[in-house]
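Have a look at the structure below before the remarks.
The values are calculated or read from the model by the stated rules, or taken from the named source; none is laboratory data. Just so it is clear, the structure is predicted and the values come from calculations on it, not from any experiment. FYI the Cβ positions are ideal-geometry reconstructions off the backbone, even for glycines, and counts take in every protein chain you see. All accessible areas refer to the heavy atoms of the entire protein, side chains included, with ligands and DNA or RNA removed. Shrake-Rupley method; radii C 1.70, N 1.55, O 1.52, S 1.80 Å.
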Amino acid sequence: DFGPRTNAELLVARGEVLAANPHDAVGFHIEASTLAQGSLREREQLLQSRLGLALEAELRLHPSGTLDPITLEALAVLSAPPSHLAALARSQVFAPLPPVLELAALATLRHVCLVRLGRYGSSLDEDEEAALALEQQQRRREEQEDQQEGQEE
């Protein structure tokens, strides 16, 4: 038994993947610097008291696109308009969210995905160009190291 592993880890370790792997998820976090600063302390307290999470705790998104209740609740706390934080604090943990909070949570998740995925190419051509640029950069670094070693001798 390899314990709880993502499909990527299982593929490398055992050469197989599981169709419904509960451990297969992408981790992400929301940086505190991107939140409304006036309510930062209140958001931090809500995350800790409701979910036992730190402000920049890792949240998880599963490949199926499903959000676990902790992730949805945390996103609601992190993205709620300041005027809604007190009501959220009074509500039951994991109770259905008011539509305005659920929409804010999902908009935040969408933004996180766009920002994170925006760092990667969206086509095979872009991936090949990026790989070629990395190879060229590595070659230049190696050439510079060789030149420095030659000068030191």
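Per-structure values
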{"item": "Filter pass, Gln147 being over 26 Å from Gly52 (Cβ atoms), of a type outside the set (D, E, K, R) and open to solvent by 100 Å² or more (accessible area, probe 1.4 Å)", "result": "yes"}
{"item": "Options Ala20, Ala54; residue that is assigned to a loop (DSSP other than H, G, I, E, B), closer than 28 Å to Leu101 by Cβ and open to solvent by 30 Å² or more (accessible area, probe 1.4 Å)", "result": "Ala54"}
{"item": "Selection count where residues are β-branched (Val, Ile, Thr) and within 22 Å of the chain's Cα centre (by Cα), scope segment 4-16", "result": "1"}
{"item": "Tabulated pairs, segment 41-56, first closer than 12 Å to Ile70 by Cα, second at pLDDT below 90, C-beta under 6 angstrom, 6+ apart or interchain", "result": "none"}
{"item": "Residue in segment 121-140 that is open to solvent by 80 Å² or more (accessible area, probe 1.4 Å), in a loop (DSSP other than H, G, I, E, B) and at pLDDT below 90 present", "result": "yes"}
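Here is a yes/no grid of residues against (1) under 23 Å from His111 (Cβ atoms); (2) in contact with a His (Cβ under 6 Å, 6 or more places away or on another chain); (3) at pLDDT 85 or above:
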site: Pro22; (1), (2), (3): no, no, no
site: Ser33; (1), (2), (3): yes, no, no
site: Leu40; (1), (2), (3): yes, no, yes
site: Ala54; (1), (2), (3): yes, no, yes
site: Leu78; (1), (2), (3): yes, no, yes
site: Pro81; (1), (2), (3): yes, no, yes
site: Val93; (1), (2), (3): no, no, yes
